[in-house]
Each structure stands twice: as C-alpha cells, then as structure tokens.
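See structure below.
The values are calculated or read from the model by the stated rules, or taken from the named source; none is laboratory data. Just so it is clear, the structure is predicted and the values come from calculations on it, not from any experiment. FYI the Cβ positions are ideal-geometry reconstructions off the backbone, even for glycines, and counts take in every protein chain you see. We work out accessible area using only protein heavy atoms, side chains counted, and drop any ligands, DNA or RNA first. Shrake-Rupley method; radii C 1.70, N 1.55, O 1.52, S 1.80 Å.
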Amino acid sequence: MSRVMAPLRSIASRMIKQRATIINRSYSSAGDKLIDLKVNDDTGVATVTMQRPPVNGLNLELLQQFGSTLDQLEKSKCAGMILTSSSPTVFSAGLDITEMYKPKPDRVKAFWTALQDAWLKLYGSSFPTVAAINGHSPAGGCLLALSCEYRVMVGPKFTIGLNETQLGIVAPRWFQDSMRGVISLRQAEMALTLGRMFSTAEAKEIGLIDEIAKDKADAISKAEEFLDKCSNIPAGARKLTKLSFRQGPLEWLQKNKEADLNIFLSFVTQPKVQMGLEMYMASLKNK
Amino acid sequence: MSRVMAPLRSIASRMIKQRATIINRSYSSAGDKLIDLKVNDDTGVATVTMQRPPVNGLNLELLQQFGSTLDQLEKSKCAGMILTSSSPTVFSAGLDITEMYKPKPDRVKAFWTALQDAWLKLYGSSFPTVAAINGHSPAGGCLLALSCEYRVMVGPKFTIGLNETQLGIVAPRWFQDSMRGVISLRQAEMALTLGRMFSTAEAKEIGLIDEIAKDKADAISKAEEFLDKCSNIPAGARKLTKLSFRQGPLEWLQKNKEADLNIFLSFVTQPKVQMGLEMYMASLKNK
Amino acid sequence: MSRVMAPLRSIASRMIKQRATIINRSYSSAGDKLIDLKVNDDTGVATVTMQRPPVNGLNLELLQQFGSTLDQLEKSKCAGMILTSSSPTVFSAGLDITEMYKPKPDRVKAFWTALQDAWLKLYGSSFPTVAAINGHSPAGGCLLALSCEYRVMVGPKFTIGLNETQLGIVAPRWFQDSMRGVISLRQAEMALTLGRMFSTAEAKEIGLIDEIAKDKADAISKAEEFLDKCSNIPAGARKLTKLSFRQGPLEWLQKNKEADLNIFLSFVTQPKVQMGLEMYMASLKNK
C-alpha cells in the first residue's frame, strides 16, 4: 500500500523542489516581445534570445513569436542561428504549466500546435542552429536545445534533460526522436524512463551537449566558431544533407500532427492530471 | 580444401571446449520448481532466480514457469524485478540443446513459442527489470540479460555474449534487436557476426553491461539501487516511455511469431543440424 | 551579399587546395588492369589492390573491374578480402570527376550503375571484408572503406571522410547509411553536414576506423588477424547474420536503383554543376 502512495507523495515533493525550475509566473502580457532577434551583418549570424521572465516558460505567445522568427530567418537565408536566454540561470523551464491548467479548448489546441510548428521549423531549418544553453534546461527547454545542430552549455552548475516522467508525463515521440538524434538508443531509454537531469559534465560525457562554456559570452563565442565552420560549406548541399538525417522524425510529426494533438488533449484534460496541476500550482502560491 | 574442413573441425573442438557452458544434463523433472520467486514486502521488489542445475538450460518447463512468473508480477504491480541464477558460475547457458535434438513436433513448437512469449513479457514488462548476472551468460542467457533494463555482472572471470554464429546458428532478429537496444549498431554487427563472448571489462566498455559487481550480493545490491531510482518515477509514465522505446522489436515479433517459429523449425529439423547436435551430445557423454 | 559569394569563392579555393587529393589524371586506358587480385592459397584470403594512378579515381572501368572481382570471389567462396591501394599516399580519391564533366549519356549512366553494383556486392558480400587504408580516403574512397566490415588505416598523416558537402554535393542515402552502420547517428550527421575529413586519431576515436597501423605491411597484417578470427566462424551463419544487419540499406538501393540514378543524372547535368566542374578542371591544368 505504501508502494502505491509513495510515488504520489514523491511527485508532490519533487514538484515543490523543482519550483524554481518550473514556475512560470505570468509576468508577460500579450503585446510583449518574448523573442529578441539580433543579426550580425558581417557574419549573417542571428542571435535569438528567449526573454520571458522569470524562466522562459514556453507559452502560446512565446512559441508563436519563436515560429515567426524562424520563418523570418528562413526567408532571409541567414547564415546560422544561436538560440539563448536572457535569464542568468534558466535557458527555458519548458512548457508553461498555466497553458495546461483548466485550459480553454481553442487556446490549448493553438498552444500545442504552436509547439509542433516551432519544432518542425527548428528541427528542419535550412540554416545551421546552435543552442547556447546559459542556464537550466529541463523538458521543453531541453527539447529546443536538442533540436539545434550543436549544443554549448555553461557549466558546471546547470542541468539539462527530458525529465517528463518525473512529473508523470510521457514525452511525445518527437521529443524522444530529438534525443535519439543526439545520444545512443541505450542512453536515451535510460534518460527518458528515469526522467534524468544531467549535470554539464554528465551531459558532455554521453554527448547530450558538445561543449562546456565558462559563461554566456564563452558559450556564444563557441557557438560562433561552430557556425563559422558551417559557413565554409555550400548552403544547399548542407541543408539537404541535414534534412536527409532528420527526415524520419520530421515526416512522422507532419503526418501525425492531428493524432499527436489529440493524445496531448486527452492527456491534459484527465481529471487526475488537472488535480495534479492544481495541487502543484497551489503549492507554488503557498511558498 | 583445408579451408572447407577447418571450420567444421573448429566447431567440434569449440563445442567440446564450451561443454562446461552449454551442457544441460536433465537433472530436473516435470514437477520441479525451476523458477524461484521472492518478493520484498517493504520495497515491492521481486527476485526471480533460475534454478535448473547445472547451468539453467532454458527448456520448455523453465520458460513456461518464467512466463507465468512474469504474468504474476505484472498482475501484482510489482515495483521491479531482479533476474538472477542459483548457480555459482552460470547465469544461464542458453537454450537447452536437448529440446532441439530429435524433437517431437508438438514439444519443439511449444518450446519455441514459450521462448517467444517469455521474451515478449520480459522485454515489454511494465515494471523495471535488472539482470544480476552472477555467472557465464552465453546465447539465450545473454538474451535474457539484454532484455532487462539494466545489467550488473559479477566480474572479472565470467563472460557474456550472443555467440550463436560460433555454433553455426543465426540469432533471430529479436535477439539482434535486443542487443541493438543496448550497444551501438557497429558493435552489435561485430559482436554477432563473430559470435563474440565478452569479459566483464570488455562488456562494460562497450555498454553491454552497466556495472561490474564483486560478487552476487554486491550485484543484487547494485540492482536494488537502480530499482530504487525507478521507484521515484510515476509508474504509468515510466511504463509508456519504456514501451515506446521497445515498440519496434515487440511489434515485429508479435506480427511475425508464426514466421519466426517456422524459420526455427525448418532450421532445427535440417539433417546436418541434427547431425551436428548428435555429434555434440556424443562428445559430452564421452567426456 | 558577401555571404552569398563567400561560399562560392570558398569552394573554388578548397577545390584547388584539395587538388592533390581529388585529381584523377587519365593515366589509364581501357585495356588496363585497374584491379589486382592475389589469393593466398593457404588462408584463402584475397588481396584486392586498386591500381589506377595517380589516385585511384573511381571511373567506369575500375568500378566494373572491381564488381567482376567481387563476383569472382563470391563464386570461389573466398575466406575473406583485404581491399587496399597501390599508391603510397592515396587509398582512393573517390569518384573520377572526368566521368561527370560533359558526360555522354550512356557512359554516365553506366558509370553510376557500376558504382551502385559494386557497392551492393561489397556491402552485401558473403565473405568478410577489411579495408587496409594506406593513404587518404575522401568521398567515394571513404565509401569503399565504410562498406567493408573492418577498417585498419595507416597513420598518422592520412585523412578519411565523406566530404561531399564541401564540394556542394549531397552524399546519396546509401553513402549515409554506410557511415551510419559504423559511427553514431550524431557523429554521422555532424561529419556529413560539415563534410569533415578526419585524421586517423580522430577517426579512431569516433569509431570510423577500428585500428591504426604504422605502415601498409602492418595494416595488411592487422587485416589478416581480423580475417583469421572470422575463419573460425561457420561461414553460412556468419553471412546471414551480416546480411540481416545490412538488409535495410541493401534493400533500399535494390528497390531505388532507378530513382537514385535519376537523382544523380539530374544533379550532374545542371549547368551550374558543369560550370563548377569546368572551373575546377581548369584550375588543375593551370597548376
């Protein structure tokens, strides 16, 4: 009997502990610019900064703005993109939990669709992409990092991982595919079933990140070095080679967008999931 | 000409050398309890011990009892399973060769079906599984270990591997898939084409096992540590995440059970295979 | 604007720098024996030496002779093949560029078909294969090495890689599959999108080669050691196990030979590709 209750108590306690990482207070309003875009005219490299305090929770507006930014970069044939965060401690805490609690049907559909579209554009971008991970990067934050072509992470104190199972959530297939493109099948199964968060040293060892930087400036500089190597490669051949590697996961989501949306909707509207979210949000307010 | 004969002589010589590993004297009778099950009431962890002297040869009865045990654990929502052996030197020597020599049609069909069913239940179990590999683990023994989610092996003197090709046998696709879930495609191709047996140090290096233990008690203790980590993860999300990683191999066998059985039957009934088995069994008796 | 031109200038400059590697002067005529075959009667091991000076450019005749040699070895049930080069500095510089410049329709079709056929025979050979890589091995040279089952490379000064993107070319899917059978998905995506050439030390580290040799004799000797291990394995089981690992890529090309040929033809006949080849060949003559 204690075995049945233990995981539930454990979830509650973990949710409270992870508050600093997951909380997404609604500091932003609809008109805010949640994505900052700066392009270096010499190199053509675009720096895209998520700036939704306090933890870059991925809500509908941020995801839509991110998708539009990627469209814009695609049209301008940018030389490469660096994705980073304005926060000194968090890259992105992942999906904004308030989008999932007592959601309005239209908005929650738009929310998940915006996430799908942003991922399709990022994972399948024609230009090279690097994540300059300058803070914690759980769940959806890790997904964005994994979908880039190269990862530089500020160490040693931040963590990264797809920790969905820790909160009772199954990472969708395209989250799993994104991780499978980066680390081995064995490491991915263990990381995802345990919902494991990795230190930068651990992440480097299994290949989840490519380089460790000492601070954000160093991360940006290392990201630029990678993009500089890419700039020597004819863009058309580079793009087609990248897409042939990513074709499987991209095609899967393109063909299964509706089914994937329905799985999410039927999960999020379950009474026990709503109750879990309610308890979690209450615990945050009481702190 | 010497090139043609050399492999045959080599097989015979190897079969004799491997006698200690492969021999499955029929010490057990139909009523024996070939699988021991103990559940720790505090942790909910089940320890499943194969106990068919001398080398846990996987015969029909052992496989059926193992399948039933897995069903029982599935119903009881056990917290995790540790698979180990009562032998001090052998985890399992693999399939019992006497099941394949001059087999009765009904029994040999039931035998292979029991192996398929046991694998489907083990590979796709909803509870976490660890192999505490306290002895040699060739062929079918290695398959059982690979199908668990974590492997702790007593070192340094035991060996593990899918060595089927050494005996002129092609490991079925699901054996190969089980290895591919654990080590790289490159390592799996080399291991399987060469039928290579790995020392614990070699197995650890390529990821075929996760940890080396100094003795059985240490192996069990390390297995419990892994299961303790799993116990912090909500069971439903963990299970679905695990199954999404293992869906491909599981679905393949579910859809191809009949074809896979027929391949085995047509192989095992070949006169030259029967002759090989006869020579092998004769060589054991003469020792 | 400079961003658009830079890659083109970069290609030209790189093409000139890579001249030593890529140039395929037509030293050979139609009657030449471009492939040397020697079989060791004691071991049954065949040594196949590419001997088309100066850099073993893969032209129609070499590929056809290589295909015929593989057929011959298949029929003779050879114990294994070592693939190497008569050049002291180049294993093979890859496809002969003169086959692609202003090609005659019939010959260029025959050329690509000969490459497809040679690959199908090499990748799916029933006998074990080792590349003794005694010199630089870019592009098509790397493909041949990757298609063998084991790679020993003379170090430290030679390089290896599928560098097609550097020249604005997309490596076909079966080139990519050949690399994916040897290194991780992550490493393959990075290697192919960047068209990276690896030093022997780098290649060894990521598994692109299996061993480093100090000279050609040492490479041959190490190759023989690998084949000696294979000779202990019953040939039929070894072959079927190998093919089950390579079935996916082999079947893909068998089913898509025509489509793959058409992609190549439509690429190579593009005016801008022809112009690039013309500039490149002119740059070689002017040196």
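Details
- Filter result (out of contact with any strand residue (DSSP E or B) (no Cβ under 9 Å at 6 or more places or on another chain) and either at the interface with chain A (Cβ under 8 Å from one of its Cβ atoms) or not hydrophobic (A, V, I, L, M, F, W, C) (or both)) within the range C:174-191: C:Q176, C:D177, C:S178, C:R180, C:G181, C:S184, C:L185, C:R186, C:Q187, C:A188, C:E189
- Just one of the numbered conditions (1) at pLDDT below 95; (2) closer than 21 Å to B:L250 by Cβ is not true of B:D117: (1).
- Residues of the range C:155-168 that turn out to be within 8 Å of another protein chain (Cβ to nearest Cβ) and among the aromatic types (F, W, Y), as a count: 0
- Output for the range B:141-154, where each listed residue is more than 14 Å from every other protein chain (Cβ to nearest Cβ) and out of contact with any Asp or Glu (no Cβ under 7 Å at 6 or more places or on another chain): B:G141, B:C142, B:L143, B:L144, B:M153
- Positions within the range C:70-95 being buried (at least 20 other Cβ atoms within 10 Å of the Cβ), at pLDDT 95 or above and over 19 Å from C:N134 (Cα atoms), in sequence order: C:L70, C:L73, C:A79
- Only residues that are facing chain B (nearest Cβ under 10 Å), open to solvent by less than 60 Å² (accessible area, probe 1.4 Å) and free of Cβ contacts under 8 Å to residues at least 60 places away in the same chain were counted in the range C:233-268, giving 6.
- Within the range A:27-50, the set of residues being of a type outside the set (D, E, K, R), open to solvent by less than 60 Å² (accessible area, probe 1.4 Å) and farther than 21 Å from A:K229 by Cβ comprises A:S28, A:L34, A:I35, A:L37, A:T49, A:M50.
- Summed over the range C:141-168, the residues that are open to solvent by 10 Å² or more (accessible area, probe 1.4 Å) and among the basic types (K, R) give a count of 1.
- Criterion (of a type in the set (D, E) and open to solvent by 40 Å² or more (accessible area, probe 1.4 Å)) met by exactly one of A:D228, A:D177: A:D228
- Some residue of the range C:124-140 being open to solvent by less than 30 Å² (accessible area, probe 1.4 Å), in a helix (DSSP H, G or I) and more than 10 Å from chain A (Cβ to nearest Cβ): yes
- Residue that is farthest from the chain's Cα centre (by Cα) [pool: residues in the range B:202-241 that are in a helix (DSSP H, G or I) and among the β-branched types (V, I, T)]: B:T241
- Test for A:E278: is it at pLDDT 95 or above, within 24 Å of the chain's Cα centre (by Cα), open to solvent by 50 Å² or more (accessible area, probe 1.4 Å) and not small (G, A, S): no
- Output for the range A:106-116, where each listed residue is open to solvent by 30 Å² or more (accessible area, probe 1.4 Å) and in contact with a Leu (Cβ under 8 Å, 6 or more places away or on another chain): A:R107, A:K109, A:A110, A:T113
- Checklist (1) among the aliphatic types (A, V, I, L, M); (2) open to solvent by 10 Å² or more (accessible area, probe 1.4 Å); (3) within 14 Å of chain B (Cβ to nearest Cβ); (4) not in a helix (DSSP H, G or I) applied to A:A171, failing item: (2)
- Restricting the first member to the range B:119-130 and to residues that are touching a residue at least 40 places away in the same chain (Cβ under 8 Å), and the second to residues that are β-branched (V, I, T) and open to solvent by less than 10 Å² (accessible area, probe 1.4 Å), the beta-carbon pairs closer than 7 Å and six or more apart or on different chains are B:L122/B:T129; B:V130/B:I82; B:V130/B:V152.
- Scanning the range A:194-211 for residues that are surrounded by fewer than 22 Cβ atoms within 10 Å (Cβ to Cβ) and within 10 Å of chain B (Cβ to nearest Cβ) turns up A:L194, A:R196.
- Positions within the range A:182-201 being over 21 Å from B:R180 (Cβ atoms) and part of a helix (DSSP H, G or I), in sequence order: A:T200, A:A201
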